[in-house]
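Note sheet for the following structure.
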Amino acid sequence: MSPPPWDALISGLGTTLKQAGSAEAFVKVDHDMVADWSMAARKMGVKVMGQVSSLGADAKSRQLYLRTKGRAEEMLTQRGFDSLVIVRPSLLDTPPRADWRPGERIALALSRVLRPLIPRRYRPVKAEAVARALLEATLAAQPGVRVIESEELA
């Protein structure tokens, strides 16, 4: 058998409920597409994966977003990757997006002013910090599952 065409799969796949248009469509992106890509990667022999999830991801959460992220994490841990990295950032601090997200903009503006009062775990995280941590940890490919929590990214 020839080596897999990829060394690792890194996924930052995700959407918002508003962009998806329905809960079902949201789950298709944030869970089902991740499941499909990870399964395809495993079938090709890829042994290392990195995934962007979310602070508070929990498969038993009542909140759709956190429940979907948690279920995706659980599914990935069962895929049999030699090394799996899951990064759980808080609110992403990004440049203004093309789509209007007033809640996100207000939260980011307030967090910049109140930063010293916000516990490190809940502070917004620069998207670049998430990408850097995900890439470095995935390339290091430590055996097992490694979860990088938001406070490790700030």
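The values are calculated or read from the model by the stated rules, or taken from the named source; none is laboratory data. Please read all numbers here as calculations on a predicted model, not as lab measurements. Neighbour counts run over all protein chains shown; Cβ positions are idealised from the backbone, glycine included. For accessibility, only protein heavy atoms count, side chains too; no ligands or nucleic acids. Shrake-Rupley method; radii C 1.70, N 1.55, O 1.52, S 1.80 Å.
Can you name the residue in region 1-51 that is of a type in the set (S, T, N, Q) and in contact with a helix residue (DSSP H, G or I) (Cβ under 8 Å, 6 or more places away or on another chain) and, of all such residues, is farthest from residue 140 (Cα to Cα)?
Taking the candidates together, the pick is 16.
Could you tell me whether any residue of region 89-107 is surrounded by 12 or more Cβ atoms within 10 Å (Cβ to Cβ), of a type in the set (Gly, Ala, Ser) and modelled with pLDDT of 95 or more?
no
(1) without any contact (Cβ under 8 Å) to a residue 60 or more places away in the chain; (2) among the charged types (D, E, K, R); (3) open to solvent by 20 Å² or more (accessible area, probe 1.4 Å): which one isn't true of residue 69, the others all being true?
Just one mismatch for residue 69, condition (3).
Looking at this structure, is residue 146 at pLDDT 95 or above and surrounded by 15 or more Cβ atoms within 10 Å (Cβ to Cβ)?
So residue 146 passes the test.
What pairs come out if I take residues in region 3-19 that are among the acidic types (Asp, Glu) and pair them with residues that are open to solvent by less than 50 Å² (accessible area, probe 1.4 Å) whose C-beta lies under 8 Å away, six or more apart or interchain?
7/46; 7/48
Within region 28-39, identify whether any single residue is touching a Pro at 6+ places or on another chain (Cβ under 9 Å), at pLDDT 95 or above, over 16 Å from residue 130 (Cβ atoms) and open to solvent by 40 Å² or more (accessible area, probe 1.4 Å), and answer yes or no.
Within region 28-39 (the criterion being touching a Pro at 6+ places or on another chain (Cβ under 9 Å), at pLDDT 95 or above, over 16 Å from residue 130 (Cβ atoms) and open to solvent by 40 Å² or more (accessible area, probe 1.4 Å)), the answer is no, since none of the residues qualifies.
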